[in-house]
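Only one structure is covered here, and it is reproduced in the block below.
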Amino acid sequence: MNVGPESTRLVCPNCQMEVMTKATAITTTKTHLIAILMCLFCCWICAPVVYCTDCARSIEHTCPSCNNYIGTYDR
Ligand SMILES: [Zn+2]
């Protein structure tokens, strides 16, 4: 399922309802990798920032009606 960074209007494949997806920022392996890389490149002070900013996170979309997982948007 193709989803964007924002809440998307689509028909849920599970409950067949037209819903606005629930977008949740999740921390992924990529987030940890970026943090580790920042540590290596002397930006260790900035590393915790990675966990606070949305730019390093993926957005997981779920159905607000049935809580079905719809898809993940990877930045
Ligand atoms: Zn649903």
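Collect residues whose amide H, placed 1.01 Å from N in the peptide plane, falls under 5 Å from the amide H of MET17; neighbours closer than 5 in sequence don't count.
Sorted by chain and number, the residues that satisfy this are CYS12.
Give me the net charge of ASP74's neighbourhood, meaning all other residues with Cβ under 11 Å from the Cβ of ASP74; Lys, Arg count +1, Asp, Glu -1.
Charge balance near ASP74 sits at +2.
With a sphere of radius 13 Å drawn around the Cβ of SER65, what net charge do the other residues whose Cβ falls strictly inside it have (Lys, Arg +1; Asp, Glu -1)?
Every neighbour counted, the sum reads +1.
What residues have an amide H closer than 5 Å to that of THR72, excluding those fewer than 5 places away on the same chain, when H is modeled at 1.01 Å from N in the peptide plane?
Excluding prolines and chain starts, which carry no amide H, the hits are HIS61.
Please arrange ARG57, ARG9 by counting, for each residue, the other beta carbons lying within 10 Å of its beta carbon, fewest first.
ARG9, ARG57
Please give the peptides 18-30, 61-73 ranked by average Cβ packing (other Cβ atoms within 10 Å per residue), highest first, as a rough proxy for protection.
61-73, 18-30
Quick note: the coordinates plus some simple rules give every number you see, no bench work behind them. Computed from a prediction, not measured in an experiment: that's the story for all the values here. Because the Cβ atoms are built from the backbone with ideal geometry, glycine has one as well, and the counts that use them run over all protein chains shown.
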